[in-house]
Amino acid sequence: MSNSIRPVSYETTLHVRDHCLCLATQRAARALARRFDEALRPAGLTNGQFSLLMGLNRPQPASIGSLAALLAMDRTTLTANLKPLERRGLVVLEVDPKDRRGRRVRLTDDGLEALAGAMPIWTRTHAELDARLAQTGAPDLARHLWAIAEPT
């Protein structure tokens, strides 16, 4: 080790572990993703697919850009995540009638059915988590996380 490099102390490592919002959020996100993936497995969806379908549950087909913004995803990743849903017939990509270069995404009847089938599972799983959060004194966690995710 070079004389000019000062090592980070183990105490500092413990401090970061116990106070870092990014680490805590990433850790919680992975745990939540696993929990919802397992819960939604009988519905044939992952948590990401459920969120994507829910983002498409709107009166008019969504543009790729608006859906990407909602999900905080880049367009390339979103397009890759749409492909398996499109192959399963849950979503359809259509030419945007206002801009022929763009695409709009909409749920198919099968997509609506898949979402409706997954909703009771999501509701039950979310109620369990809400009850757990209420015991910790952080019942508004989702609202706080949305505030963090807002662009500055």
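The values are calculated or read from the model by the stated rules, or taken from the named source; none is laboratory data. Owing to the predicted nature of the structure, the values given are computational and were not obtained by experimental measurement. Cβ coordinates were reconstructed from backbone atoms using ideal geometry, including for glycine residues, and neighbour counts include every protein chain displayed. The protein model used for the area step is the full one, side chains on, heavy atoms only, and it has no ligands, DNA or RNA in it. Shrake-Rupley method; radii C 1.70, N 1.55, O 1.52, S 1.80 Å.
Of the helices (runs of 4 or more DSSP H) that lie entirely inside the range 1-118, those containing 3 or more residues that are farther than 20 Å from Leu141 by Cβ span 10-19, 47-56, 64-71, 75-87. For residues in the range 34-63 being open to solvent by 20 Å² or more (accessible area, probe 1.4 Å) and among the aliphatic types (A, V, I, L, M), which is farthest from Asn81 (Cα to Cα)? So, considering only residues that are open to solvent by 20 Å² or more (accessible area, probe 1.4 Å) and among the aliphatic types (A, V, I, L, M), the one farthest from Asn81 (Cα to Cα) is Ala39. In the range 1-33, the qualifying residues are those that are hydrophobic (A, V, I, L, M, F, W, C) and in contact (Cβ under 8 Å) with a residue 24 or more places away in the chain, and the one that is surrounded by the fewest Cβ atoms within 10 Å (Cβ to Cβ) is Leu21. Give the residue that is modelled with the highest pLDDT, with candidates limited to residues of the range 124-143 that are assigned to a helix (DSSP H, G or I) and surrounded by fewer than 10 Cβ atoms within 10 Å (Cβ to Cβ). Applying the filter and picking the extreme gives Gln135. Please specify each residue of the range 5-53 satisfying the condition of being closer than 30 Å to Val105 by Cβ and of a type in the set (Phe, Trp, Tyr). Scanning the range 5-53 gives Phe36, Phe50.
Residue by residue, here is whether (1) under 24 Å from Glu150 (Cα atoms); (2) at pLDDT below 95 holds:
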site: Ser9; (1), (2): no, no
site: Cys22; (1), (2): yes, yes
site: Asn47; (1), (2): yes, no
site: Met54; (1), (2): yes, no
site: Leu67; (1), (2): yes, no
site: Asn81; (1), (2): yes, no
site: Leu85; (1), (2): no, no
site: Gly89; (1), (2): no, no
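For Pro97, state whether it is within 20 Å of the chain's Cα centre (by Cα) and not hydroxyl-bearing (Ser, Thr, Tyr). Answer is no for this residue.
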